Amino acid sequence: MSDSIIGAAVSRIDGPDKLTGRARYAGDFQPEGMVYAYGVYSTIARGRIAGIDTTLAMRSPGVIDIFHHGRFPRLHRSPGTFAEENVVDEKRTPFEDDRIHYMGQFVALVVAETYEQARAAAYKVRVDYERDAQRAAATLAQGIEDNGVDHANDSERGDPAGAYDGAVHRVDAVYTTPVETHNPMETHATVAEWVDGRLRVFDSTQGVIFTRNTLSRVFDLDPSQVEVHADFIGSGFGGKLWVWPHCVATCAAAREVGRPVQFVLPRQQMFTTVGHRPETRQHVRLGADDDGRLLSIRHETVNSSSPVGTVVEACGGSTQGLYACDNLRISHATAVTNRGTPTAMRAPGAGVGLFALESAMDELAAELGIDPLELRRRNFTAHDQGVDKPYSSNHLLECYDRAAEAFGWSRRTPEVGSMRDGDRILGWGMAACNWEAMRNPCDARVALRADGTASIHCASQDIGTGTYTILAQIASHELGLPLESIHVALGDSTFPHGPISGGSWATATLLPAVAEASRAAIKKLKGYARNAASPLAGARGDSLVYDSGRLSDDSGRSATVAEILGAQSLANAVGEAHTGGAPDSGYSFDSFGVHFVEVAWEPEIAHLEVTRVVSAIDAGAIINAKSARNQVEGAVVMGLGSALLETTEYDERNARPVNSNYAEYLVPVNADMPDLDVILLDHPDYELNEFGARGIGEIGLTGMQAAVANAVYHATGTRVRDLPIMLDKLTDDD
Ligand code: MOS
């Protein structure tokens, strides 16, 4: 068993808890005496609060208190640094001053006995505003026009401009992507209580340690005085990486009213105060020789940001090293808009950056008359020129081969509109993808227990991706115990220090720590086994062999963990581990993949459908065949949404997000699902960790929009460079 558990298609160990409702999410915790909060949100996007009148609202039934910038404790800002693990996107603390920077900004918080009472009273808070004379910038274009562009960073190698000028074949195109809003099933939620000056928080967060550290700075507490819990998270997609104002406001309100406070964000406010993927404008220029070899790449991005926090969407990050090219320029810049602060959204940077690069590659293939897949093969590189290191492991060519074979790519005819399925025009498109494989320092504790079970403790959290399960698999492998005997405890800032669940690094980070802690537990057990009361008393240390919950010595004696610990009245043998970040081994760590997409197009009735997707992903070793596939499938579906549906629409007159609900913010549903085939290569990358796993959360999204756009071009002849690919963009021409 212990050899086959890694890589096996293991069902989630937390599945039954989720199915039966035993799994508790932040909003499920109800400390004694808990009361409810509801926000009041600005109805202008730029200006100041002239006055707040809470008289009527305070008389509303059940109201306990109402907080706003005239009635709120003085808080401190978090430094917002990754190194100190206290990142915030929005530097300003809630209600800090009377300024309004974006529509939907928190201006007041009502606390009442019930949720309904808090909500009813919130609508009775009267806020008078003074609008700025200047308009609120509602879009990236308006932001650039009004506020100009702030340079963020750039990098260059060779002579990209000169090489482009000398190139026979060129592409020069601008690609744009809209604001996308995180829409996890579970909205943001915070339950905060203060007990004897200590702050205890149940929060829907992707990082309990970061949240703890941030709150400790905001409230000037020692981190040991703050406890953050996130047992289960209804996903986050990056929106729950860092602390947002609602969380801070809830903690402050709980201290002020002297009772625990719960604040669950309404769906509408998911669109204003808790981040989004910013709007991007990406200028891509490619130059190539007659054989299609890339001579020059330039990828220059401007993204929308906010007045209260600058976030750079690193669209060129993936472009640095995906293809061989000696002359390259990447740049990133931002422009201030009067929208809430953007943040990381699943596969930040590459998620929309590869839409531009991989669309441009398709345009180059058309210009050259070279098959798009062949063009990518010719520009393959096993050396990351971005950092001038070889990739630790790069099986992109095998991804191409296997996915192309499964898709039937060799049957593609290149002419636009040349492929049919009955009356429907078929379009076939493809795009490559990549995502950096990261690993961070991590602590873990593993206990072999007297009842024959084992427990794992780590502060990191399972945001819905399957972390509980893969950690149980690793411990099962190391300890030779059945999965059912492994108890995994996560999402508690008092547990050993664990990473943010983000960046697709949780797997590569957590596995080595849990494995090492498991081995340390066995070592502890061996020490105890030699004690006088033990059935193996007096055994020579190096003679003890552990196998599947049992120790044996070289004299033929053998005893179970339960017998060894039980004989000494010991509860457990505990192993602890501290493992480091990505090794400095001279390699660049990336995952790779490719998507092939078929669309069916019926111009007479303006019907476009994605009918087939084949994706091949090289993400190192696959730890759980079931949850890994599930991650890629989910990411591909998110990519389809990004390609065809997702866009947060802002009213250009007042910068208000107008489709701020599940009915009008479109995401794919079951009826949109294509026939979806995910091929996982499963080549271990032992340079990154002993299990060879690189993580798999985000890569499946990258490149998807371009694969769809390229298929749409092949079917329709229309090159859509502006996401999402709505039907009006395909039917405008005639
Ligand atoms: Mo991800 S955008 O790092 O949660």
Rounded to two decimals, what is Rg over Rh for the range 201-319 when you use alpha-carbon atoms and the Kirkwood radius?
1.17
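What FRET efficiency, computed as 1/(1 + (r/R0)^6) with R0 = 35 Å and r the Cβ-Cβ distance, is obtained for VAL669 and ALA489, rounded to the nearest 0.05?
It comes to 0.50.
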Under a 1.4 angstrom probe, counting protein chains only, how are VAL416, VAL179 ranked by accessible area, largest first?
VAL416, VAL179
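For a 27 Å ceiling on Cα separation, which of these pairs sit above it: LYS240/LYS729; LYS524/LYS626; LYS240/LYS626?
LYS240/LYS729; LYS524/LYS626
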Counting only protein heavy atoms and a 1.4 Å probe, tell me what percentage of the chain's accessible area is made up of carbon and sulfur.
47
What aspartates and glutamates sit close enough to LYS18 to cross-link, taking a C-alpha to C-alpha distance under 17 Å and skipping anything fewer than 8 places away on the same chain?
ASP28, GLU186, ASP231, ASP462, GLU484
Return the ratio Rg/(2.2 N^0.38 Å) for the range 665-705, where Rg is computed over Cα atoms only.
1.65
Can you give me the P(r) profile for the range 277-364? Cα pairs, bins 10 angstrom wide beginning at 0, each as a whole percent.
18, 47, 24, 9, 1
Between VAL40 and residues 5 or more places away or on another chain, the pairs with built amide H atoms under 5 Å apart involve VAL107, ALA108, LEU109, VAL110
Gain upon complete extension [ASP132, SER4; 0.36 nm per residue less C-alpha separation]
39.6 nm
Write down the radius of gyration of the range 134-288 and its Dmax, each obtained from C-alpha positions, in Å.
22.0, 73
For the range 14-20, in order, what is each residue's ³J(HN,Hα) by Karplus, 6.51 cos²θ - 1.76 cosθ + 1.60 with θ = phi - 60°, in whole Hz (x at glycine and Pro)?
8, x, x, 5, 5, 5, 8
Using a 1.4 angstrom probe and counting only protein chains, how large is the accessible area of HIS299 in Å², to 10?
0
Using amide H atoms built 1.01 Å from N in the peptide plane, name the residues 5+ places from ALA314, or on other chains, whose amide H lies under 5 Å from its own.
GLY349
Could you give the distance between the Cα centres of the range 36-71 and the range 610-635, to the whole Å?
47
Where in the range 103-139 does the amide nitrogen come within less than 18 Å of the point 7 Å from the Cα of ARG77, taken along Cα to Cβ?
106
Rank these by accessible area, largest first, 1.4 Å probe: SER558, SER493, SER410.
SER410, SER558, SER493
Rounded to two decimals, what is the ratio between the C-alpha radius of gyration of the chain and 2.2 N^0.38 Å?
1.01
With a 1.4 Å probe and every protein chain left in place, tell me how much accessible area ARG329 has, in Å² to the nearest 10.
60
Using the basic label-point model (7 angstrom from Cα toward the beta carbon), what is the GLN268 to GLU398 distance in nanometres?
5.3
Roughly speaking, what is the centre-to-centre gap between the range 559-601 and the range 457-489 when only Cα atoms are used, to the nearest Å?
9
What do you reckon, how do ARG277, ARG46, ARG198 stack up by accessible area (1.4 Å probe), largest on top?
ARG198, ARG46, ARG277
Could you tell me how many cubic angstrom of Cα convex hull volume the range 134-224 has per residue?
247
Whole-Hz couplings from phi, Karplus 6.51/-1.76/1.60, listed for the range 674-682; x for Gly and Pro
x, 5, 10, 10, 10, 10, 9, 5, 6
Using only the C-alpha atoms of the range 339-445, find the volume of their convex hull and express it per residue in Å³.
236
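If you place +1 on the Cβ of every Lys and Arg, -1 on the Cβ of every Asp and Glu, and leave all else neutral, what size is the dipole of the range 378-448 about its Cα centre, to the nearest 20 Debye? If you can, show how the numbers build up before the last one.
On the way: 9 positive and 10 negative charges, 19 e Å.
Once rounded to the nearest 20, the dipole reads 80 debye.
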Given the -39500 (n - 2.57) contribution per DSSP H run of 4+ residues, what per-residue ellipticity at 222 nm results for the chain, rounded to the nearest 500 deg cm²/dmol?
-7000 deg cm²/dmol
With r defined as the distance between the Cβ atoms of TYR662 and MET726 and R0 fixed at 25 Å, what FRET efficiency is calculated, to the nearest 0.05?
0.85
Please express the shape of the range 400-543 as an equivalent ellipsoid: the semi-axes are the square roots of 5 times the eigenvalues of the C-alpha gyration tensor, given largest first in whole angstrom.
50, 17, 13
Report the gain in length on full extension from GLU145 to ARG48: 0.36 nm times residue separation, minus Cα-Cα distance, nm rounded to one decimal.
32.7 nm
Give me the distance in nm between label points sitting 7 Å out from Cα along the Cα-to-Cβ direction at TYR123 and MET185, one decimal.
2.9
Taking the Cβ-Cβ separation of ARG719 and VAL387 as r and a Förster radius of 56 Å, what is the calculated FRET efficiency to the nearest 0.05?
0.95
For the range 47-94, report the translational diffusion coefficient in µm²/s to the nearest whole number, using Stokes-Einstein at 37 °C, 0.692 mPa s, and a Kirkwood Rh over Cα pairs.
239
HIS169's amide H: which non-local residues (gap 5+, or another chain) put their own amide H closer than 5 Å, with H modeled 1.01 Å from N in plane and none for Pro or chain starts?
ALA288
Length gained if ALA161 through ARG22 is fully extended, taking 0.36 nm per residue and subtracting the Cα-Cα distance, is 44.1 nm
Mind grabbing the base-10 log of I(q)/I(0) for the range 407-475 at q = 0.15, 0.21, 0.23, 0.26 Å⁻¹? Debye formula, identical points on the C-alpha positions, no solvent, two decimal places.
-0.70, -1.01, -1.12, -1.25
Going through the DSSP H helices of the chain, which span 20 Å or more along their own axis at the Cα atoms while scoring at least -0.5 as a mean Kyte-Doolittle hydropathy?
350-368, 506-529, 625-644
Of the candidates PHE263, GLY275, GLY317, the farthest towards the positive dipole end of the chain (Lys/Arg Cβ +1, Asp/Glu Cβ -1, centred on the Cα centre) is PHE263
Taking every eigenvalue of the Cα gyration tensor of the range 628-734, multiplying by 5 and rooting it, what semi-axes result, largest first, whole Å?
32, 19, 13
Residue-wise HN-Hα coupling along the range 185-202, computed from phi with Karplus coefficients 6.51, -1.76, 1.60 (Hz; x: Gly, Pro):
4, 8, 6, 4, 8, 9, 10, 10, 9, 10, 10, 6, x, 9, 9, 10, 10, 9
Under the 7 Å Cα-to-Cβ spin-label approximation, ASP677 and SER11 lie apart by a distance in nanometres of 2.8
Ratio of the range 1-121's C-alpha Rg to 2.2 N^0.38 Å, to two decimals?
1.56
Compute the Rg/Rh shape ratio of the range 221-269: radius of gyration over Kirkwood radius, all on alpha-carbon atoms.
0.97
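The values are calculated or read from the model by the stated rules, or taken from the named source; none is laboratory data. Keep in mind it's a predicted model, so treat the numbers as computed, not measured. Every residue, glycine as well, gets a Cβ built from its backbone with ideal geometry; the counts of neighbours run over all protein chains shown. Heads up: the accessible areas ignore ligands, DNA and RNA and are worked out on the full protein's heavy atoms, side chains in. Shrake-Rupley method; radii C 1.70, N 1.55, O 1.52, S 1.80 Å.
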